[in-house]
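Comments concern the structure below.
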Amino acid sequence: MKGRCLCGAVQFSCAGQPRGVAICHCGQCREWTSGPFMAVFFPDGVTVEAGDHLRWYKSSEKADRGFCAKCGSSLFFRSRDTESRWNVSAGALGDHLFEIKAHAWVEDQPDWYAFADDTPRLRSTEFRAARQEGRV
Amino acid sequence: MAAMTGKCMCGAVTLTVIPAEQMIHACHCDWCRAWTGSAFMAVKAEDGDVSAEGPVKTLASSPWAERSWCDACGSGLWYRVTAPGPYHGEYHVAAGLLPDTAGFTLGSEIYHDRKPEGWAYAGDAKKMTKAEIEAFFGMSGEAETGAE
């Protein structure tokens, strides 16, 4: 499955099957992307095919976030301890349809939006456990 | 409204915004989705009502608008109209940069027909399709290709 940023400078290919989408409501994702971040989880990772403008920012001790330095697209969230496990911007994957698995970090969600689906609303600790167990 | 201060994810960019209204607007167009992961959630501000300090990068992403972000962490900062006309200079500032949005509501969802199936925002915010919004602004959305 192929993806790209807004301007096309960063292009990539996702390996294997995605596990689905988690919608993250944490404050960092909101500052990064304007609102909730929709990320498709690829347990088998991503191959960056055009990466000269891909820049990584260490957003915590545990994770890095990748963006296009030429257009500012938010592209990847990757845990540093498990480098094959990439969370990829759903918007960078075009019109592919993905199953929403869960909402994450709901304790940080502001009250100016709400989602209509009925997938699980998980607090950060619950989401980490669910991901560890392969449920999301 | 009173001026608000905000910052990007890493804090390198700080900004002061006077919101035009207590509303947040969602854009589901292909370019906003590629830029943010899903919809771009923005607060409108008039020309002159936004100031920023820090490493701001800007791309003319279409013939009528530009997008700015933090060069250090990639946080999207704003979409700004560059085309001449009544909206020239208008900002759409990323809502997530503003720490205090108490009382703000989701005012509209534009390019709603470009939103992928499978999820939706709840509520009765006004919804406009790609054709409706482009007729309203008298433009064609096919030209936003960025710096490719």
Check your understanding: For labels at A:A116 and B:E21 in the simple 7 Å Cα→Cβ model, what's the distance in nm?
Key -> 2.1
Practice item. Enumerate lysine pairs in chain B that are 8 or more residues apart or on different chains, then count those whose Cα atoms are under 24 Å apart. Key: 10
Review point. In Å, what is the Rg of the alpha-carbon atoms in chain B, and how long is Dmax?
Key: 14.7, 40
Study note, to complete from the structure: Here the whole-number average of other chain Cβ atoms within 10 Å per Cβ of B:124-134 is 0
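Quantify how strongly other chains surround peptide A:2-9 by giving the mean number of their Cβ atoms within 10 Å of each of its Cβ atoms.
Whole-number average of other-chain Cβ neighbours for A:2-9 is 5.
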Exercise for review: Calculate, in nm to one decimal, what B:E117 and B:T82 gain on full extension: separation in residues at 0.36 nm each, minus their alpha carbon distance.
Suggested key: 9.5 nm
Revision key, fill the gap. Taking 0.36 nm per residue of separation between A:L97 and A:M1 and subtracting their Cα-Cα distance, the length gained on full extension comes to 33.4 nm
Exercise for review: Provide a whole-number value for the mean count of partner chain Cβ atoms within 10 Å of the Cβ atoms in peptide B:22-33.
Suggested key: 3
Point to revise | Mean residue ellipticity (222 nm) of chain A, computed from DSSP H runs ≥ 4 via -39,500 (n - 2.57), nearest 500 | key: -3000 deg cm²/dmol
Review point. Hey, any idea what Rg/Rh is for the protein assembly as shown, computing Rh the Kirkwood way over Cα pairs?
Key: 0.94
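No value in this document is a laboratory result; all are computed from the given coordinates. All figures in this text were calculated on a predicted structure; none of them were measured in a lab. Cβ coordinates were reconstructed from backbone atoms using ideal geometry, including for glycine residues, and neighbour counts include every protein chain displayed.
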